[in-house]
1. Given a 1.4 angstrom probe, what's the average accessible area per residue across the range 92-137, in square angstrom?
2. In terms of solvent-accessible area of protein heavy atoms at a 1.4 angstrom probe, what is the ranking of 45, 96, 107, highest value first?
3. Could you order 72, 109 by accessible surface area, starting with the largest, using a probe radius of 1.4 Å?
4. If you take the beta carbon distance between residue 103 and residue 131 as r and set R0 to 25 Å, what does 1/(1 + (r/R0)^6) give as a FRET efficiency, to the nearest 0.05?
5. Of the peptides 114-125, 131-142, 82-93, how do they stack up when ordered by the mean number of other Cβ atoms within 10 Å, highest first?
6. Ignoring ligands, DNA and RNA, what percent of the accessible area of the range 38-177 is carbon or sulfur (1.4 Å)?
7. Could you work out the local net charge near residue 177, counting Lys and Arg as +1, Asp and Glu as -1, over the other residues with Cβ closer than 14 Å to its Cβ?
8. Stretch residue 50-residue 164 to full length: gain in nm at 0.36 nm per residue minus the Cα-Cα span?
Amino acid sequence: MFVHSQRRSRRGVAALLSAGLLGLAGAGAAWSATAGTATAAQGLRTCAVSDLYVSMGRKEGAAGSVYWPIRFTNTSATSCTLRGYPGVSVLDPAHRQIGPAATHSGRPFATVVLAPAHSVSAVIRTTNGPIGGPCLRTGTYLRIYPPASYQAVLVPASWTICSHLFQVGPVNTQGAL
């Protein structure tokens, strides 16, 4: 698993370790999307990049596609919310974008409450090889903008867009595209 965070405090490291243990305990579940509540949250703030530890889950393949969950873990001391789709692009080693940014899957979404030390996921997808078109060169990083954020996180991640298909699903607790 590749990880990157903007800031790590003692509280954040403890939350990260707790979230990691929860993820290991839930291996085999739908990408270990742990205990976020998918209900509307009146009065809670939107999660900022500084509240989140962004990492990649386990890649999986099915029916000619490759799926890879992006995990958002709340490292703050309070609950916050995420709603909608993250922005995702593939970058080369010099941080230049390869191909277009991910398009939205079109799946409906709700506001997700993210409690401290818990995680939710948004899944990216491409084809498993040149099925309906060529593959672009493999990227070294993913540039990820959490929903409602204008600040990105760079996550080391080897990803190849193939067949002109690069989609991202909304943040959710089910690990669905």
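The values are calculated or read from the model by the stated rules, or taken from the named source; none is laboratory data. All figures in this text were calculated on a predicted structure; none of them were measured in a lab. Every residue, glycine as well, gets a Cβ built from its backbone with ideal geometry; the counts of neighbours run over all protein chains shown. For the accessible areas, the whole protein counts, side chains as well, though only heavy atoms, and no ligand, DNA or RNA atoms are used. Shrake-Rupley method; radii C 1.70, N 1.55, O 1.52, S 1.80 Å.
1. Heavy-atom accessible area per residue stands at 50 Å².
2. Working: 45 95, 96 145, 107 75 Å².
Final ranking, largest accessible area leading: 96, 45, 107.
3. 109, 72
4. Working: r = 17 Å, r/R0 = 0.68.
After rounding to 0.05, the efficiency reads 0.90.
5. 114-125, 82-93, 131-142
6. Of all accessible area on the range 38-177, carbon and sulfur atoms account for 55 percent.
7. +2
8. 37.8 nm
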